[in-house]
């Protein structure tokens, strides 16, 4: 019952990961904003600011750690010497 057994190799628009990301963003941004507003209306502006900063900052850290950090966004696997060597060979007659 894993994701590999369904035979679909493409990403799902509303798969588990997308729904989880949406929930994290909704709670982390909108949820903390609503709590911050309610605390501000109750006269607890400083506490509301702390809640918003921790909630928003925590959301950024969670999104980075879970979804962005594992991405392989490195450069080409060839070394700089190989690239310079290829360019030099191509320009010589």
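The values are calculated or read from the model by the stated rules, or taken from the named source; none is laboratory data. Note that this is a predicted model, so its numbers are computed, not measured. For neighbour counting, all protein chains shown are included, and Cβ atoms are generated from backbone atoms with ideal geometry for every residue, glycine included.
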Residue satisfying condition, being modelled with pLDDT of 85 or more, more than 30 Å from residue 18 (Cα to Cα), under 29 Å from the mean Cα position of the chain (by Cα) and surrounded by 10 or more Cβ atoms within 10 Å (Cβ to Cβ), within set 39, 61, 54: 39
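Residues are listed down the side, and each one gets a yes or a no for (1) outside any helix (DSSP H, G or I); (2) touching a helix residue (DSSP H, G or I) at 6+ places or on another chain (Cβ under 6 Å):
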residue	(1), (2)
33	no, no
38	no, no
47	no, yes
53	no, no
70	yes, no
Single match in 12, 17 (criterion: assigned to a loop (DSSP other than H, G, I, E, B) and either touching a helix residue (DSSP H, G or I) at 6+ places or on another chain (Cβ under 9 Å) or modelled with pLDDT of 85 or more (or both)): 12
